[in-house]
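Novice: A single structure is presented below for examination.
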Amino acid sequence: MLPITADTTDYQTAFGFDFGTKRMGVAFGQRVTGTASALEPIPAKDGIPDWSQIEKLLKTWQPQCLVIGIPFNMDGSVSEMAKRARKFANRLHERFKLPCFIIDERLTTREAKEIHHAAGGSHHYRKDPVDSIAAQLILEDWFASPTLFPSHTPLESLYGIR
């Protein structure tokens, strides 16, 4: 599967997701500024979100596409969570018929925690989650990327990772 080279006129607005088994971070952004804003995370049960809540967000914000972060292992290998995140991306695509893209999101949670702490946030992530900050970072990285990978791209072929 070859990546798609982005045309800057395509996909001007997007929703970003940070996949999680208990919560999914969500952000909305726009390509013209290359920025995104974190929204309230969506609760999940074993990686299955409240689909009606996602549908409501999509109707409200009307993004042109969806972007899901893939948590590869630090050595570039495909983790079990990476497989689950891609499965989630494909389910989003099937359910909502919007273009879905994936992007390597290694270290976004660490960066999200640093941003959260710098803003005075606590270390109680269940009470004060950072998932949507991670989704914001994922989406901003995606806007800066010249290459788009559709959600059905085999994970092993991303970025030459084996």
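Novice: Report yes if F28 is within 25 Å of S79 (Cα to Cα), modelled with pLDDT of 95 or more and in contact with a strand residue (DSSP E or B) (Cβ under 7 Å, 6 or more places away or on another chain), otherwise no.
Specialist: Answer is no for this residue.
Novice: Then there is this: Going through region 38-65 one residue at a time, which ones are among the polar types (S, T, N, Q), surrounded by fewer than 14 Cβ atoms within 10 Å (Cβ to Cβ) and at negative phi?
Specialist: Passing the criteria: S52, T60.
Novice: How many residues does region 50-97 hold that are farther than 13 Å from F149 by Cβ, in contact with a Ser or Thr (Cβ under 9 Å, 6 or more places away or on another chain), at pLDDT below 95 and in a loop (DSSP other than H, G, I, E, B)?
Specialist: 2
The values are calculated or read from the model by the stated rules, or taken from the named source; none is laboratory data. From a predicted model like this one, the values you see are computed outputs, not experimental measurements. Cβ atoms come from the backbone with ideal geometry, glycine included; neighbour counts cover every protein chain shown.
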